[in-house]
Structure formats: C-alpha cells, structure tokens
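A quick write-up on the structure given underneath.
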Amino acid sequence: MGERLFLTYCSQCHGSTAAGGRSFPNLTDDDWLGAGTPDYIKTTILNGRQALMPSMAAAIGGGESVDDVAHYVLSLSDSVHDAEAAARGEAKFAVCAACHGANGEGLAAVGAPNLTDDVWLYGGSLDSVKHAIDNGLDNHMPGFGDLLGEGKAHVLAAWVWGLSNVPAEGAGQPSAPAVDRPMIAD
C-alpha cells in the first residue's frame, strides 16, 4: 500500500523508483537532509518541508570570494577543484559553517546538507555550487496531511523509510525493492 501511495502522490517529484532527480532528494539512500527517522519522514509528508539557503555572496565578499568558497566546498568531497582557490576559500567558509558545520558535514537540525560526500541535490559542478552561493536555494515540498490523513501518511512513511533501511541479508525480513541510485551531478 505504501508503494501505491508513493507512486500516486510522490513519484512526480521523487521519480517512480524514489531515486530523486535534480532538486528532488533520493529517498533510497541514507543521505537525509533532516533526521531520516520514521517520525521525521511522516511529519514531512503531513506538513511538508521548506528548504532555504539564502544568497551568501555578499556575506563572503562576492566575486572572486564566491569562486574561492565554491572551490573549497568542492574540495570537501574530493571533487575536482583548484587547490589554491580552495585554500583561499577555507577561511571564508566560516560564514557557511553556521548551517553546514565547521567541517561541512551538514546539520540535520536545520536541514543543511553534508558537503563532504558525493551527493549533490542541486548539482556538483563548480558552476552549480557558485550559483547556489550567489543566488541561494529555495525548495518546497508541500504537505499532504489534508489529502492523506494520519493513517495513510504513516503507511507511506514506513515504506519510504524502508527504502533506505534495508535489513542485512538473512535477517528474516523482506528487503526494500532494488532501485537505481543515480548521483545527481552536472
């Protein structure tokens, strides 16, 4: 039933396999912008979620500073970057650390993503990172509470949670469906 609910209400954004796409999170991995617990997922389904990153260009100095910080952000995940620019951007990243943490590992409490892995919701190219710093990001998942109600939201949340919490082989529990897990990049 959870899968049918997902295909009806969620697949338009998250894809029929729940692997997401640019600006729409992959729900089959363990990279959550929030807690990733069944209760968190259910609350998100019922009430929606607003993701917001303001433009940080002015706060870090604009122009070349944006380029330097973008290279530093890319360096955190061992992505292709200019090492000299990254070194210049490291100190300026302090402004970003308020949400992304001092090491760029993200803060689930505010929904700020981990910048040290290879998961890029809005693209992982230099241009994509610079665009995010210059312009900010604004993304909204609507709430489905009025449409689904508590019971259906509970079933849907359990199914979604199961996608990224597959039991170990031989644990005697059914596993989540196998799906492709593409990385979002430019």
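No lab work stands behind these numbers, since they all come straight from the coordinates. Quick caveat, the model's predicted, so the values are computed rather than measured. Neighbour counts run over all protein chains shown; Cβ positions are idealised from the backbone, glycine included.
Couple of notes before you dig in:
- The chain, dipole about Cα centre (Lys/Arg Cβ +1, Asp/Glu Cβ -1), debye to the nearest 20: 680 debye
- On Cα atoms only, tilt of 145-163 relative to the major axis of the chain in degrees: 80 degrees
- Remark: LEU107, LEU163 ranked as LEU107, LEU163, counting other beta-carbon atoms within 10 Å and listing the fewest first.
- Considering only Cα atoms, the convex hull volume of the chain works out to 120 Å³ per residue.
- The stretch 54-138 - charge dipole about Cα centre, Lys and Arg +1 at Cβ, Asp and Glu -1, debye rounded to 20: 240 debye
- Rg ratio for the stretch 7-116: its Cα radius of gyration over 2.2 N^0.38 Å, N being its residue count, equals 1.23.
- Residue exposure proxy: ASP118, ASP138, ASP29, ordered by other Cβ atoms within 10 angstrom of their Cβ from fewest to most, comes out as ASP138, ASP118, ASP29.
- The distance between label points at ASP30 and LEU7 comes to 2.9 nm (points 7 Å beyond Cα on the Cα→Cβ vector).
- Positive-end extreme of charge dipole, the chain - chosen from SER128, GLY63, LEU7 (charges on Cβ): LEU7
- Taking every Cα-Cα distance in the stretch 44-99 and sorting them into 10 Å bins from zero, the calculated P(r) comes out as 24, 44, 19, 11, 2 percent.
- The orientation-averaged projection of the convex hull spanning the C-alpha atoms of the stretch 54-138 amounts to 4.7 square nanometres.
- Amide H to amide H distances under 5 Å link GLY21 with ASN26, where only residues 5 or more positions off or on other chains count and H is placed in the peptide plane.
- C-alpha long axis of helix 38-47 to longest principal axis of the chain, angle in °: 90 degrees
- Sequence-distant aspartates and glutamates (8 or more away, or on other chains) whose Cα lies within less than 19 Å of LYS130: GLU64, ASP67, ASP68, ASP78, ASP82, GLU84, GLU90, GLU105, ASP117, ASP118, ASP138, ASP186
- Fewest neighbouring Cβ atoms within 10 Å first, the residues MET53, MET1 line up as MET1, MET53.
- Calculated [θ] (222 nm, deg cm²/dmol) that DSSP helices of n ≥ 4 give over the chain, each run adding -39,500 (n - 2.57): -13500 deg cm²/dmol
- Within straight-line reach of LYS152, meaning a Cα separation under 18 Å, sit the following lysines at least 8 residues removed in sequence or on another chain: LYS42.
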